[in-house]
Amino acid sequence: MNDADVFERIRSLLGEKALELTHPAPRRIFLKVDPKDLTAAMAVLRKELGFTFVSTISGVDLGESFEILYHMANEVTNLNVRTQVPRSHPHVDSICSVIPGAILYEREIQEMFGLVVDNIPDGRRLLLSDDWPEGQYPMRKDWVHQRPEEKIPGGKS
């Protein structure tokens, strides 16, 4: 099986759940699914095509919405699965029931983008300190860093 075969299998297995499906370069396949179909699509990709490895999950703040990208691979090709959620309701289902190793990346997009990952097995913070202010998400375009006042030990007040 080669990447063209994988592309055609994704098309046949997902059907209308594949909102967009492109093969722009060798060993690169891009797939877009609706958030409500994400977990089911991931289950098919894992079971039928061996996409068991998530190298990372990244996010993009598009202003009115967020795009979430799941970067995956099998022995044949790399696959980017995208979904988009509105800023007004930034919820996406966890894929940990299908790929348990995704939990670290899901925790990261929760705290860095303020996305709500529904049904995540462990939603604790991962990167930011425990005293990080609620509602402050450093990867959002509208986040403004406010540098704390610098205090030099033994310096003038």
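What the table shows:
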| read-out | value |
| --- | --- |
| Qualifying position, being over 21 Å from Pro35 (Cα atoms), assigned to a loop (DSSP other than H, G, I, E, B) and either without any contact (Cβ under 8 Å) to a residue 40 or more places away in the chain or of a type in the set (Val, Ile, Thr) (or both), among Pro121, Pro153 | Pro153 |
| Any strands (runs of 3 or more DSSP E) falling wholly within region 1-71 and containing at least 1 residues that are modelled with pLDDT under 95, among the hydroxyl-bearing types (Ser, Thr, Tyr) and touching an Asp or Glu at 6+ places or on another chain (Cβ under 6 Å) | none |
| Total residues in region 133-148, condition surrounded by 10 or more Cβ atoms within 10 Å (Cβ to Cβ) and free of Cβ contacts under 8 Å to residues at least 12 places away in the same chain | 2 |
| The one condition in (1) out of contact with any strand residue (DSSP E or B) (no Cβ under 9 Å at 6 or more places or on another chain); (2) modelled with pLDDT under 95; (3) over 27 Å from Asp3 (Cβ atoms) that Lys141 fails to fulfil | (1) |
| Any hit, region 106-123, residues being basic (Lys, Arg) and within 11 Å of the chain's Cα centre (by Cα) | yes |
| Count of residues meeting criterion [closer than 15 Å to Val92 by Cα and either touching a residue at least 60 places away in the same chain (Cβ under 8 Å) or in contact with a His (Cβ under 6 Å, 6 or more places away or on another chain) (or both)] in region 59-79 | 2 |
| All positions within region 12-31 that are closer than 16 Å to Asn74 by Cβ and either of a type in the set (Lys, Arg) or in contact (Cβ under 8 Å) with a residue 40 or more places away in the chain (or both) | Arg27, Arg28, Ile29, Phe30, Leu31 |
| Whichever residue in region 82-116 is in a strand (DSSP E or B) and out of contact with any His (no Cβ under 8 Å at 6 or more places or on another chain) and, among such residues, is surrounded by the most Cβ atoms within 10 Å (Cβ to Cβ) | Val92 |
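The values are calculated or read from the model by the stated rules, or taken from the named source; none is laboratory data. None of the values given here were measured: they were computed from a predicted structure. Every residue, glycine among them, receives a Cβ derived from its backbone with ideal geometry; neighbour counts consider all protein chains shown.
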